[in-house]
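Values quoted throughout were computed directly from the atomic coordinates according to the rules given, and no laboratory measurement underlies them. Remember, predicted model here, so these are calculated numbers, not experimental data. Cβ sites come from the backbone with ideal geometry, for glycine too, and all protein chains shown count toward neighbours.
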Amino acid sequence: MFQIQNTLVTLDIVERFFCCDLEKCLGACCIEGDAGAPVTEAEVGEINRVLPEIERDMLPRAIEEVRDNGIAYRDPEGELVTTLLDGRNCAFSCYGPGGVCLCAIEKARREGRIDGFLKPISCSLYPLRVTEYKDFTAINYHRWEICRSAEQLGRRKGIRLYQFLKEPLIRRFGAEWYYELCANCELYLKEYPEGIAR
């Protein structure tokens with residue numbers, strides 16, 4: 001584990017190869033799971049602000065669900081998460097060619113229909129999960145079957161998890177933090193080229 005400022009970071013961030021492979025996984029991380037994506041109160045406000053625009057891409061029943069029950073709810077652990085459709089799909093998912101599940105918020109931003117907000121930071125950081133404690137922040141890797149193709153593609157391309165998530169890591173923790181992480185990762189790989197955390 002690395003300690004970067006007040007964060008404890010899993011060694012998976014350097015040992016695991018990763019590069020999303022939407023052609024294989026079809027965006028399953030927006031569908032599978034037992035709760036919506038973690039969001040902050042500020043992000044809920046941002047989604048409310050852009051909702052009229054992103055509704056253009058949302059599923060009709062998802063629009064109804066959000067109008068009836070709101071953008072987010074508290075999961076059993078008390079965490080604020082995005083509303084789900086049928087207890088499964090994120091309400092803000094939509095579908096592209098080939099049945100690929102996409103984020104309606106991100107789609108609207110990339111098409112220039114909304115500004116400022118990309119999507120919840122927890123989504124951008126996935127498969128990393130950030131947990132806030134009283135004295136530190138923990139960053140762990142959520143490893144499961146649906147991301148196996150991303151691990152395989154990352155290995156073929158030689159892209160490690162910390163490299164693949166450069167932009168969202170900087171967005172969440174800042175450039176200084178990220179480059180300190182990179183320095184630690186490079187030193188680690190020199191000392192343990194085959195890795196030690198399995």
Cross-link list Lys157/Lys190; Lys24/Lys119; Lys107/Lys190; Lys134/Lys190; Lys24/Lys134; Lys24/Lys166: which exceed 31 angstrom alpha carbon to alpha carbon? Lys107/Lys190; Lys134/Lys190; Lys24/Lys134
Full extension from Thr40 to Glu64: what is 0.36 nm times the residue separation minus their Cα-Cα distance, to one decimal in nm? 6.4 nm
Quarter of Cα convex hull surface for the range 53-159, i.e. mean projection, nm²: 9.3
Taking 2.2 N^0.38 Å as the expected size of a compact globular protein, what ratio does the Cα radius of gyration of the range 10-63 give against it, to two decimals? 1.54
By average C-beta atoms within 10 angstrom, highest first, the peptides 35-45, 125-135: 35-45, 125-135
At 0.890 mPa s and 25 °C, Stokes D of the range 1-96 from Kirkwood alpha-carbon radius, µm² per second: 160
Out of Cys90, Gly112, Tyr126 - ranked by how far each Cα lies towards the positive end of the dipole of the range 1-135, with unit charges on the beta-carbon of charged residues - the top one is Gly112
Distance between Cα centroids, the range 38-73 to the range 113-138: provide it in whole Å. 17
Cα long-axis angle, helix 148-157 against the chain (0 to 90 degrees, to the nearest 10): 50
Report relative contact order for the chain in percent, whole number only (criteria: Cα-Cα under 8 Å, sequence separation at least 6). 33
For Cα extents along the principal axes in Å, which listed value, (1) 54, 40, 33; (2) 40, 38, 31; (3) 88, 36, 31, comes from the coordinates shown? (1)
Nearest 10 degrees is fine. How inclined is helix 175-191 to the longest principal axis of the chain, computing both from alpha carbons? 40
Would you calculate a helix-derived [θ] at 222 nm for the chain, using -39,500 (n - 2.57) for each DSSP H run of n ≥ 4 and dividing by the full residue count, to the nearest 500? -11500 deg cm²/dmol
